[in-house]
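So the structure is just underneath, and the comments pick up after that.
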Amino acid sequence: MSIWISILLITVCAVCWDVGVVWQKQAADTLPKIEVSRKLSKVIKAFVFSRKWIGGMLISGFGWGLFVFALNYTPVSLARSIQGSGFVILAFFSIFFLHHRLKAWEWMGVIIVTAGIIALGFSESSGNQTASVMIPSRLVPAVAAVIAICFVIYAAKRIFGFGFNWLVVFSIFAGVLLGLGDVLTKSMMDSINEKANIIALGLVPPFLILFYLVGVLLISRGYQQGRAIVVTAVSDFCSRLITIFMGVFALREAFPRELLYRDLRLGGLAAILLGTILLARFSSEQLVEEGVGRNQEYVKSDWQTDD
């Protein structure tokens, strides 16, 4: 399948994910806080029985299905980065429907992300496609090392009280786990297509489900902890960084040998990572917060006028 069709599918996936996350955030704001305590099972039950939260999960799940289909033909190191197109779409959505005015650096973010996706498309042109091959001897230690780093960050904050604040910690963990989920999904799809690594097919799915589930719960916890713009910026940046690293190291998604295509690949990835930070405001979660804030201002203004 053409890389451009994959880009289209992943863009639709990003839109579905954003719509689903809007519902998840609205539900998370009304549900008990997710904390490691004796009441954790009751809190999870409250989320599971929330129609809006589950509805958001289903919409996001449909988008994930499109993402998995595209992964059959796209390296995971590129696929997760291409999801940055969702920021561009939401930026234009905010202009036409929420009447936002983009600042100069936000327009720059739109241009950078768009240029990055186009660069990735050309770097993965026909006859220059990147193959993914799961290497268990690299994948398992790499996943273990990443998880260990997360525990170190947690311990530094929990025990010694220094490091990032909890909002950033939750966002880092969520991004890392969602990125690892994407990597394991790609590994499983490659194993099925190659009819190889039968043992891996039995071991990967449980961890894949665990990473995605805990990642989504941590994002919801992050929404409850503070500003969605921080959660989005940090988690998306970390997930893209993880998939790039793991894709190259553990799935042998080598960069093109030709200098031009290699430069396009490196430039495209760097551009999307930068654009993720510049356009973090234009996430579905942040737009919900801004929309609620505007509605409250309008209500307050009307009330003061009536007085």
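The values are calculated or read from the model by the stated rules, or taken from the named source; none is laboratory data. Fair warning: this is a prediction, and the values are worked out from it, not measured in the lab. Cβ atoms come from the backbone with ideal geometry, glycine included; neighbour counts cover every protein chain shown.
A few notes on this one:
- All of S50, S60 fail the test of being within 13 Å of the chain's Cα centre (by Cα) and crowded, with 16+ Cβ neighbours inside 10 Å, apart from S60.
- Residue match in the range 121-133 (condition: assigned to a helix (DSSP H, G or I) and either closer than 21 Å to V19 by Cβ or not hydroxyl-bearing (S, T, Y) (or both)): yes
- Residue check, F93 surrounded by 14 or more Cβ atoms within 10 Å (Cβ to Cβ), of a type in the set (F, W, Y) and either touching a residue at least 60 places away in the same chain (Cβ under 8 Å) or over 22 Å from W64 (Cβ atoms) (or both): yes
- For the range 237-259, the set of residues classified as of a type in the set (K, R) and either part of a loop (DSSP other than H, G, I, E, B) or closer than 17 Å to D190 by Cβ (or both) consists of R252, R257, listed by residue number.
- G55 being buried (at least 21 other Cβ atoms within 10 Å of the Cβ) and touching a helix residue (DSSP H, G or I) at 6+ places or on another chain (Cβ under 7 Å): no
Residues are listed down the side, and each one gets a yes or a no for (1) within 30 Å of I7 (Cα to Cα); (2) within 22 Å of the chain's Cα centre (by Cα); (3) surrounded by 14 or more Cβ atoms within 10 Å (Cβ to Cβ); (4) not small (G, A, S):
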residue	(1), (2), (3), (4)
A104	yes, no, no, no
G109	yes, yes, yes, no
L139	yes, yes, yes, yes
A142	yes, yes, yes, no
A145	no, yes, no, no
A148	no, yes, no, no
K157	no, no, yes, yes
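Here is a yes/no grid of residues against (1) closer than 30 Å to I3 by Cβ; (2) among the polar types (S, T, N, Q); (3) modelled with pLDDT under 85; (4) surrounded by fewer than 16 Cβ atoms within 10 Å (Cβ to Cβ):
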position: M134; (1), (2), (3), (4): yes, no, yes, no
position: I153; (1), (2), (3), (4): no, no, no, no
position: W166; (1), (2), (3), (4): no, no, yes, yes
position: L201; (1), (2), (3), (4): yes, no, yes, yes
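- Screening E35 with (1) more than 20 Å from G275 (Cα to Cα); (2) charged (D, E, K, R); (3) surrounded by 23 or more Cβ atoms within 10 Å (Cβ to Cβ) gives one miss only, at (3).
- Residue in the range 279-286 that is modelled with pLDDT of 60 or more, surrounded by fewer than 17 Cβ atoms within 10 Å (Cβ to Cβ) and not in a helix (DSSP H, G or I) present: no
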